[in-house]
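Heads up, the thing below is written out as structure tokens.
The values are calculated or read from the model by the stated rules, or taken from the named source; none is laboratory data. Keep in mind it's a predicted model, so treat the numbers as computed, not measured. Note that each Cβ is placed from the backbone with ideal geometry, even for glycine, and that neighbours are counted across all protein chains shown. We work out accessible area using only protein heavy atoms, side chains counted, and drop any ligands, DNA or RNA first. Shrake-Rupley method; radii C 1.70, N 1.55, O 1.52, S 1.80 Å.
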Amino acid sequence: DGGITQSPKYLFRKEGQNVTLSCEQNLNHDAMYWYRQDPGQGLRLIYYSQIVNDFQKGDIAEGYSVSREKKESFPLTVTSAQKNPTAFYLCASSFDRARDQPQHFGDGTRLSIL
Amino acid sequence: KQEVTQIPAALSVPEGENLVLNCSFTDSAIYNLQWFRQDPGKGLTSLLLIQSSQREQTSGRLNASLDKSSGRSTLYIAASQPGDSATYLCAVSTSGTYKYIFGTGTRLKVLA
């Protein structure tokens, strides 16, 4: 079955620590996205990538970093510079012509501070 | 700056009722609009995508309409069932970008 796999499901971060969230897709999608969801709020775009080795900042990129070395993978690192990292993180993907195609989402990673 | 609003924030209805969820956006220069469903603690599932040139899309008991000039979309759910209980989000894609702007969602509860 094709889909998007996010891991881990739950993640805890200590003060000053960087943590990396994994996102893998086997849908052969070109574009991938990272969103953050806070309680009672809509999703906010952190980073997106349209092709391998290229990515763009979204609306709230500060304190986060990404890489896109493979088409299937788009890991997100939450750095110690992100002072309020507690949130639900969602990864999505779509075909390159994203405007014509729906976005597919993973099941999310819930990040909390220890 | 594009803003997306969904009203109401929460809705409870008895099983079998037809219902309408609303989504409004401030900038009519959109490329498409998507309706999603989110179950608690889960990701989003795409329900319907309406391109800017379309007026509506249908899938089973769901019908989504789009009125770009007034900045509105509605999601109509016919004969609601308890399994429809979830949060429904709409998102708009602004022309010329790959970015979606999301509303805060409507939390729907269908009572058996």
Positive end of the charge dipole of the stretch A:1-71 (Lys, Arg +1 and Asp, Glu -1 on Cβ, about the Cα centre): tell me which of A:Tyr35, A:Ile4, A:Thr20 has its Cα farthest that way. A:Thr20
Treating the beta-carbon of each Lys and Arg as +1 and of each Asp and Glu as -1, no other charges, what is the dipole magnitude of chain B about its Cα centre, to the nearest 20 debye? 200
Please list 3J(HN,Hα) in residue order for the stretch A:71-81, calculated via the Karplus relation 6.51 cos²θ - 1.76 cosθ + 1.60 where θ = phi - 60°; whole Hz, with x for glycine and proline. 4, 7, 10, 8, x, 10, 9, 9, 8, 5, 6
Compute, for B:Thr5, the solvent-accessible surface of its heavy atoms (probe 1.4 Å) with the complete set of protein chains present, and express it in square angstrom to the nearest 10. 70
Of the DSSP beta bridges with both residues in chain B, give the percent that are antiparallel, rounding to the nearest 5. 90
Which cross-chain or sequence-distant (5 or more) residues have an amide H under 5 Å from the amide H of B:Gly105, H modelled 1.01 Å from N in plane? B:Gln6, B:Cys90
Please give the charge dipole size of chain A, origin at the Cα centre, charges +1 on K and R Cβ atoms and -1 on D and E Cβ atoms. Round to the nearest 20 debye. 320
Sort B:8-14, A:105-111, A:69-75 by the packing proxy (mean of other Cβ within 10 Å over each peptide's residues), most packed first. A:105-111, A:69-75, B:8-14
Ignoring ligands and nucleic acids, what accessible area does B:Val110 show with a 1.4 Å probe (Å², nearest 10)? 10
In peptide A:36-42, how many Cβ atoms from other protein chains are near each Cβ within 10 Å, on average? 4
Once R0 is set to 22 Å, what does the formula 1/(1 + (r/R0)^6) return for the Cβ-Cβ distance between A:Leu114 and A:Ala61, expressed as a FRET efficiency to the nearest 0.05? 0.35
When all alpha-carbon pairs of chain A are counted, what percent fall beyond 22 Å? 25
Taking only Cα atoms of the protein assembly as shown, the Rg to Rh ratio with Kirkwood Rh works out at 0.97
For chain B: Kirkwood Rh in Å [reciprocal of mean 1/r, alpha carbons]: 14.0
Rolling a 1.4 angstrom probe over the protein heavy atoms, how many square angstrom per residue are accessible across the protein assembly as shown? 48
Taking θ = phi - 60°, what integer Hz values does the Karplus form 6.51 cos²θ - 1.76 cosθ + 1.60 yield along the stretch A:31-47, in sequence order, with x for Gly and Pro? 9, 9, 9, 10, 10, 10, 10, 9, x, x, 10, x, 7, 10, 7, 9, 8
Taking a label point 7 Å from the Cα of A:Asn84 along Cα-to-Cβ, the residues of the stretch A:11-46 whose backbone nitrogen sits under 18 Å from it are A:13, A:15-16, A:35-46
Short version: ³J(HN,Hα) in whole Hz for each residue of the stretch B:59-65, in order, from phi by Karplus 6.51 cos²θ - 1.76 cosθ + 1.60 (θ = phi - 60°), x for Gly and Pro, what are they? 8, x, 7, 9, 9, 10, 10
Inside 10 Å of the C-beta atoms of A:104-111, what's the mean count of C-beta atoms belonging to other chains? 3
Counting only protein heavy atoms and rolling a 1.4 Å probe, how much accessible area do A and B lose on contact, total for both sides, in Å² to 100? 2000
Can you give the charge dipole size of the protein assembly as shown about its Cα centre, rounded to the nearest 20 debye, using +1 on the beta carbon of Lys and Arg and -1 on the beta carbon of Asp and Glu? 340
A:Gly58 long-range amide H proximity, modeled H, under 5 Å: A:Tyr47, A:Tyr48
